[in-house]
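Written below as structure tokens is the structure these notes are about.
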Amino acid sequence: MKIIVKFVSDVIASPQNIIGIITVFFNIIFFLLNYFRTNRMSLVTSQERYFVNIFDEFLMTKIPQNREYLRFNDQDRLTGIVEFCEVLTEIGKKSLYFKYSRPDFYSRLKNQLNRIEDYVMMSGNKTFEPDETGQFYGKINAYIEELYFMIFEESRRGIRRKSPVYFKSKL
Amino acid sequence: MNDDNQVKLEFEKDLSYLAGYDFGLKTYQDQIFDKIDFSKPFIIVFPDGIKGVASSFVQGLFKEIVGQMGLIDTENNVTIKARNENVANDIRQRIE
């Protein structure tokens, strides 16, 4: 114990030693901060990768293309319904990953997909008046915009500190 | 219960697309419940006029069936017949 006390008093007696100790201390702090920040960022990046892998093709190509197929024929009946709804079903199946990683998002996503599908299918059962077709297009576009916004917002949300996936990775 | 263990669903003539969870539930209660022996393979026939079926309707229709049998047994025991194979496949894919 006396040796330790003597050692400490010798070390702190010199100003250069004190500066050195403070420098090392802050280096350790910065290292730890950087380590946790990098760890968190790699977790966020890997989660973003899932969003890109799962949704990219749908958002960029399949939804816009199949939306174009939703048109009214000469009898003012909606066509392209089955093709468009198949894309929605495909999104639901491919997003199963989120059922366990982000259950709240998955539930909201499924609800929105079902809402769109129900609206399109039920519209297929009626003959539209000419002034109603514009309303249909407006509504379906709004539903699709909500879907896009939901996915973009969630992809930017990153990892919540209370996420069980985040904590499990620390065990 | 019939010998073939199948039920042919009936809807209004001008209905081409089926949607809505509650509608699926009601269809099950009105047309399937008590008419099928679920302990054996069974067949559900959709009318030829049906072109598409929404996930919400399928989930409502199969809610009780999956609840009793489980998803795997339901998928193994049910045969869906519809106007063409695409419609039947779409319905099968939406069972969950």
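The values are calculated or read from the model by the stated rules, or taken from the named source; none is laboratory data. Just so it is clear, the structure is predicted and the values come from calculations on it, not from any experiment. Neighbour counts are summed over all protein chains in view; Cβ atoms, including those assigned to glycine, are modelled from backbone coordinates with ideal geometry.
Residues that are outside any helix (DSSP H, G or I) and loosely packed, with under 14 Cβ neighbours inside 10 Å within the range A:88-120 comprise just one, A:Leu96.
Residues checked against (1) more than 25 Å from A:Ala142 (Cβ to Cβ); (2) at pLDDT below 85:
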{"position": "A:Lys2", "(1), (2)": "yes, yes"}
{"position": "A:Val5", "(1), (2)": "yes, yes"}
{"position": "A:Phe31", "(1), (2)": "yes, no"}
{"position": "A:Asn39", "(1), (2)": "yes, yes"}
{"position": "A:Leu43", "(1), (2)": "yes, yes"}
{"position": "A:Phe55", "(1), (2)": "no, no"}
{"position": "A:Pro64", "(1), (2)": "no, no"}
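Selection over the range A:74-87 of residues that are within 13 Å of another protein chain (Cβ to nearest Cβ) and either in a loop (DSSP other than H, G, I, E, B) or in contact with a Cys (Cβ under 9 Å, 6 or more places away or on another chain) (or both) gives a count of 3. Among the residues making up the range A:53-73, those that are touching a residue at least 60 places away in the same chain (Cβ under 8 Å) and either buried (at least 19 other Cβ atoms within 10 Å of the Cβ) or within 14 Å of another protein chain (Cβ to nearest Cβ) (or both) are A:Phe55, A:Ile63, A:Leu70. In this entry, B:Asp48 passes the filter for residues that are of a type outside the set (Val, Ile, Thr) and either in contact with a Cys (Cβ under 7 Å, 6 or more places away or on another chain) or not in a helix (DSSP H, G or I) (or both).
Looking for something among the polar types (S, T, N, Q) and out of contact with any helix residue (DSSP H, G or I) (no Cβ under 6 Å at 6 or more places or on another chain) - is there at least one such residue anywhere in the range A:142-159? No: zero hits. Selection of first residues in the range B:66-83 that are under 12 Å from B:Phe42 (Cβ atoms) and of second residues that are assigned to a helix (DSSP H, G or I), restricted to Cβ pairs under 6 Å at least 6 apart or on distinct chains, gives the following pairs, ordered by first then second residue: B:Thr74/B:Ile65; B:Thr74/B:Val66; B:Ile80/B:Ala88; B:Ile80/B:Ile91; B:Ile80/B:Arg92. Among residues of the range B:63-96 being within 12 Å of chain A (Cβ to nearest Cβ) and either in a helix (DSSP H, G or I) or at positive phi (or both), the one that is surrounded by the most Cβ atoms within 10 Å (Cβ to Cβ) is B:Ile91. Residues in the range B:47-62 that are surrounded by fewer than 21 Cβ atoms within 10 Å (Cβ to Cβ) and more than 14 Å from chain A (Cβ to nearest Cβ): 1 in all.
Within the range A:114-129, residues that are among the small types (Gly, Ala, Ser) have Cβ atoms under 6 Å from residues that are buried (at least 20 other Cβ atoms within 10 Å of the Cβ) and modelled with pLDDT of 95 or more in these pairs: A:Ser123/A:Leu78; A:Gly124/A:Leu78; A:Gly124/A:Ile81; A:Gly124/B:Tyr17, counting only partners at least 6 apart in sequence or on another chain. For the range A:121-134, the set of residues classified as more than 8 Å from chain B (Cβ to nearest Cβ), not in a loop (DSSP other than H, G, I, E, B) and not hydroxyl-bearing (Ser, Thr, Tyr) consists of A:Pro130, A:Asp131, A:Glu132, A:Gly134, listed by residue number.
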